[in-house]
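Working notes, structure below.
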Amino acid sequence: MPITPPFRADLVGSLLRPAHLIEAREKRRKRLLSNDELKVIEDAAIREVVARQEAIGLQAVTDGEFRRQSYIVDFFRKAVGSGGLTAEKGDFFHRNEKGETIPIEKLVIHKPVKWTGPIFAEHLAFLKSISKCTPKMTVPSPIVLHFLGGSDAILREAYTSLDQFWSDVIEVYRSEFAALYQAGCTYLQVDETSLVKFGDPEIRATIERRGDDWKKLVETYVDVINAVLSAAPPGMTVGIHVCRGNRKGFWQADAGYEFMADQLFRRLKAKFYFLEFDGPRAGPLEALKFVPDDKTVVLGLVTTKSPALEDPAMLRARVKEASAYVAMERLCISPQCGFSGNVGNTVMTADEQFAKLRLVVETAQSIWGAS
């Protein structure tokens, strides 16, 4: 049984927000609740969802991101301060097999990015105080603002130089990592939602149309992420979740890992990866042959895009297939993504969600003898 992350049975981070919590957040926006009143409701909801994670045997638990509006916005909103971040129509969208789309907004920066105090450290401290399991915290990738909006979203009011922007972003992460570690965080996940998408020709074309050389941009992105990863304090384990987009069962990119394998697996200095392998759009498991021998892979074989439970025999067979490329002792299993990266982002019930997580734990136990 692993005693340090990642664990044989793991989870990506976000969980479905209870209806009463979503309602409470809406009341807070309308100023019908105070911050203290909302926190009481959040605390209770987090205690309950952590207890459910513990009950099914997970070794790492999260707060479900219950205190956030989305996996992106809350982090950067705190980093730029009041009025420093606005949303506009973006160039990208989520899509599904029927051709339906959901637009993705870009976030425009109006103030310089600056760390003025802990962003998620208090969240982590509360999580650590209510569970004996390993508390897991997640943060968005440092490149996501630029990926969604390009230079136009940054070089308006706050910056005249992208170099200065990247320097400021890296410093925010360095300071936040230190604060999280001081609060007791030893397990951190960076949600990287951009790099693998360059394998999709439509994504590359969109990047080129807005004036970016996608090849140079990828080099910059990897350099920035590596600078952030190197800022992690000794004793903090940091992994990368590689995502193609996931909203209400919709996705953003159709691309396997081969196209970006050199950048993702060799140049990127991550110790382990949460990789999506829940369907054909993720490409074949054979792409794992590009993963260096000193890195671990958490196989995202259980989808969060559909409530239907996967066949345990199929999951075991997929893990065995993956072991032809990455040694079994360097493999783990998890859902392919979070269950609710945004408030209200769901295609299943909470019970169906926990049935999926229980399946992950039971599959890990059947393969490795422990979760």
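The values are calculated or read from the model by the stated rules, or taken from the named source; none is laboratory data. Just so we're clear, the structure is a prediction, and the values are computed from it rather than from any experiment. Cβ coordinates were reconstructed from backbone atoms using ideal geometry, including for glycine residues, and neighbour counts include every protein chain displayed. With ligands, DNA and RNA removed, areas are computed over all heavy atoms of the protein, side chains included. Shrake-Rupley method; radii C 1.70, N 1.55, O 1.52, S 1.80 Å.
Here are a few things to note about the model shown:
- Candidate set: the range 289-305, residues that are outside any loop (DSSP other than H, G, I, E, B) and farther than 24 Å from residue 346 by Cβ; chosen: the one most open to solvent (accessible area, probe 1.4 Å): 289
- A residue that is aliphatic (A, V, I, L, M), out of contact with any Phe, Trp or Tyr (no Cβ under 8 Å at 6 or more places or on another chain) and outside any strand (DSSP E or B) occurs nowhere in the range 274-286.
- The condition (being surrounded by fewer than 21 Cβ atoms within 10 Å (Cβ to Cβ) and under 19 Å from the mean Cα position of the chain (by Cα)) is satisfied by just one residue among 139, 144: 144.
- Residue in the range 345-368 that is part of a loop (DSSP other than H, G, I, E, B) and in contact with a strand residue (DSSP E or B) (Cβ under 9 Å, 6 or more places away or on another chain) present: yes
- Within the range 231-260, tally of residues that are on the phi < 0 side of the Ramachandran plot, among the small types (Gly, Ala, Ser) and either modelled with pLDDT of 95 or more or open to solvent by 10 Å² or more (accessible area, probe 1.4 Å) (or both): 4
- Of the residues 174, 204, 156, the single one that is part of a helix (DSSP H, G or I) and either of a type in the set (Ser, Thr, Tyr) or surrounded by fewer than 18 Cβ atoms within 10 Å (Cβ to Cβ) (or both) is 174.
- Pairing residues of the range 347-371 that are at pLDDT below 95 with residues that are buried (at least 19 other Cβ atoms within 10 Å of the Cβ) and in a helix (DSSP H, G or I), at Cβ distances under 7 Å and at least 6 apart in sequence or on separate chains, gives 371/361; 371/364.
- Test for residue 43: is it open to solvent by 20 Å² or more (accessible area, probe 1.4 Å), touching a residue at least 40 places away in the same chain (Cβ under 8 Å), under 24 Å from residue 207 (Cα atoms) and acidic (Asp, Glu): no
- The number of residues in the range 319-344 being modelled with pLDDT under 95 and open to solvent by 10 Å² or more (accessible area, probe 1.4 Å) comes to 6.
- Residue ID - least open to solvent (accessible area, probe 1.4 Å), chosen from residues in the range 102-128 that are farther than 20 Å from residue 47 by Cα and of a type in the set (Lys, Arg): 106
- The number of residues in the range 177-196 that are assigned to a helix (DSSP H, G or I) and open to solvent by 10 Å² or more (accessible area, probe 1.4 Å) comes to 4.
- Residue check, residue 107 closer than 28 Å to residue 332 by Cα and under 19 Å from the mean Cα position of the chain (by Cα): no
- Condition met for residue 286 (charged (D, E, K, R) and either within 23 Å of residue 102 (Cα to Cα) or surrounded by 15 or more Cβ atoms within 10 Å (Cβ to Cβ) (or both)): no
- The lone exception for residue 308 - which of (1) assigned to a loop (DSSP other than H, G, I, E, B); (2) touching a residue at least 24 places away in the same chain (Cβ under 8 Å); (3) small (Gly, Ala, Ser) it fails: (2)
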